[in-house]
Amino acid sequence: MIQISALPAFTDNYIWLLQDHRSHRCAVVDPGDAAPVLAWLAQHPDWSLSDILVTHHHPDHVGGVEQLKQVSGAKVYGPANEKIPARDVALNDNDQIEVLGWDFDVLAVPGHTLGHIAFYHHGLLFCGDTLFAAGCGRLFEGTPEQMYNSLERLAALPADTLVYCTHEYTQSNLRFAQAVEPDNTDIAERVAKVSQLRAGGKMTLPSTLALEKLTNPFLRTAETSVKQKADERNGRDNRSGSEVFASLRAWKDTF
């Protein structure tokens with residue numbers, strides 16, 4: 001049985017910790033800071049860090065990789081098309097890896113960065129900064145069309161898939177979602193629930209793809225109300241899903 005928990009880092013990052021209770025080996029996803037992982041390992045001396053999974057090259061995702069590898073000897077997996085410190089295994093689209101006895105499919109999801117990847121094991125998705133709870137990552141390197149296609153690819157996974165993204169952005173993302181769809185009752189319900197969780201100092205993750213499809217404007221570009229709002233914002237008829245997405249993303253950048 002593998003248990004998944006979050007190690008908070010910086011102001012709003014989560015480093016995902018996967019624990020295999022049979023072998024007492026663990027893995028981490030996107031350790032931007034070594035300190036929270038080292039602190040956890042110090043508190044659990046009977047556990048060893050065997051694997052480090054990296055989704056993209058940004059410092060808040062790779063900053064702790066080298067130190068953790070030096071301390072633990074963990075194997076580092078990361079995207080082939082990005083500069084990942086101490087990477088042992090370079091991953092391309094549709095590769096498969098085994099971590100803690102689980103098979104993971106590697107999905108190329110460019111947009112936030114050009115080489116960004118996600119890790120999918122049936123029912124679980126580690127998607128870095130591509131898909132967020134009620135939102136998506138900024139386009140630092142890719143095009144709106146690339147990010148739209150990446151999100152559509154993730155949205156095609158089973159609806160009950162748990163979404164483990166790496167930032168606690170849910171509350172601010174939902175404010176934008178409400179601006180896009182003020183009459184969406186699913187969004188209103190989620191806003192109330194998330195407000196309650198955050199008021200109690202609790203995290204809002206993981207999400208599910210089913211919930212994202214109901215409340216995340218970036219996965220709802222085919223909805224008439226979302227398209228109309230996008231058209232209204234940039235004063236033209238956004239004909240394709242990627243054009244609607246581009247309009248929404250540009251709006252969110254200045255929201």
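What the table below lists for this structure:
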quantity: Subset of region 104-148 [surrounded by fewer than 18 Cβ atoms within 10 Å (Cβ to Cβ) and either of a type in the set (Lys, Arg) or closer than 11 Å to residue 219 by Cα (or both)]; calculated: 138
quantity: Tally of residues being in a loop (DSSP other than H, G, I, E, B) and under 13 Å from the mean Cα position of the chain (by Cα) across region 107-122; calculated: 6
quantity: Strands (runs of 3 or more DSSP E) within region 31-104 that include 2 or more residues touching a Pro at 6+ places or on another chain (Cβ under 8 Å); calculated: 89-91
quantity: Selection from region 131-158 of residues that are without any contact (Cβ under 8 Å) to a residue 60 or more places away in the chain, touching a strand residue (DSSP E or B) at 6+ places or on another chain (Cβ under 7 Å) and in a loop (DSSP other than H, G, I, E, B); calculated: 157
quantity: So residue 250, is it surrounded by 18 or more Cβ atoms within 10 Å (Cβ to Cβ), under 26 Å from residue 141 (Cβ atoms) and of a type in the set (Gly, Ala, Ser); calculated: no
quantity: Tabulated pairs, region 13-41, first over 22 Å from residue 205 (Cα atoms), second in a strand (DSSP E or B) and at pLDDT below 95, C-beta under 6 angstrom, 6+ apart or interchain; calculated: none
quantity: Output for region 197-238, where each listed residue is within 30 Å of residue 3 (Cα to Cα), without any contact (Cβ under 8 Å) to a residue 12 or more places away in the chain and either assigned to a helix (DSSP H, G or I) or not small (Gly, Ala, Ser) (or both); calculated: 197, 199, 202
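Residues checked against (1) buried (at least 20 other Cβ atoms within 10 Å of the Cβ); (2) modelled with pLDDT of 95 or more; (3) more than 28 Å from residue 117 (Cβ to Cβ); (4) not small (Gly, Ala, Ser):
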site	(1), (2), (3), (4)
159	no, yes, no, no
172	no, yes, no, no
182	no, yes, yes, yes
185	no, yes, yes, yes
206	no, yes, no, yes
215	yes, yes, no, yes
224	no, yes, yes, yes
227	yes, yes, yes, yes
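The values are calculated or read from the model by the stated rules, or taken from the named source; none is laboratory data. Because the structure is a prediction, the values reported are computed rather than measured. Every residue, glycine as well, gets a Cβ built from its backbone with ideal geometry; the counts of neighbours run over all protein chains shown.
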